[in-house]
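What follows is calculated from the coordinates using simple rules that are stated; it is not laboratory data. Small disclaimer: the values here were computed from a predicted structure and weren't measured. In this analysis, Cβ positions are derived from the backbone assuming ideal geometry, glycine residues included, and neighbour counts consider all displayed protein chains.
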Amino acid sequence: MARTRNSIVAFEKASAVSKRPRYVLQLFVAGATPMSGRALANLREICEQHLHGRYELDVIDIYEQPALAKADRIIAVPTLLKKLPAPLRRLVGDLSDRERVLVGLSLKPKST
């Protein structure tokens, strides 16, 4: 009986996790600049704290892949694109304003 109960609890936990959206993020940077490094560190910290296990992050250096930057109309760096879940969002800067990043990622409602 205990084994069946543990299986049910494990299944319910897995179902709850699978219902939470998976995030697809792209961070556009310009080489290994201090601002790019801060943006990446800030983003990783936020993702690990709020999206642990449910995000995919691609870091794109616009010097190495300018076509990707052009395709996504990146005009300033660092820029974070939240591709999924919809809607698409763009956040520019070093992502140090945690509140703004959480609102931009739809992880926190906008305060009025």
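Compute the signed sum of charges (Lys and Arg +1, Asp and Glu -1) over the other residues within less than 14 Å, Cβ to Cβ, of Arg90. After counting each charged neighbour, the total is +4.
A simple count of charges around Ile62, restricted to other residues whose Cβ falls under 14 Å of its Cβ and scoring Lys, Arg +1 and Asp, Glu -1, yields -2.
Computed from backbone phi with θ = phi - 60° and the Karplus coefficients 6.51, -1.76 and 1.60, the 3J(HN,Hα) list for the stretch 74-83 is 7, 10, 9, 9, x, 10, 9, 10, 9, 7 Hz; x is used for glycine and proline. Remark on Lys108: its backbone amide H falls under 5 Å from those of Val103, a criterion applied only to residues 5 or more positions apart or on other chains, H modelled at 1.01 Å from N. Could you list the residues of the stretch 89-104 with an amide nitrogen less than 19 Å from a label point located 7 Å from the Cα of Leu68 in the Cα-to-C-beta direction? Hits in the stretch 89-104 for Leu68 at 19 Å: 89-95.
Only alpha carbons enter this Debye calculation for the stretch 30-104, each as an equal point scatterer, and the log10 of I(q)/I(0) it gives at q = 0.20, 0.28 Å⁻¹ is -0.91, -1.57.
Here the Karplus curve 6.51 cos²θ - 1.76 cosθ + 1.60, taken at θ = phi - 60°, turns the phi angles of the stretch 64-70 into couplings of 8, 9, x, 5, 5, 5, 5 Hz, with x standing for Gly and Pro. Distances between placed amide hydrogens fall under 5 Å for Tyr55 paired with Tyr23, all partners being 5 or more residues away or on another chain.
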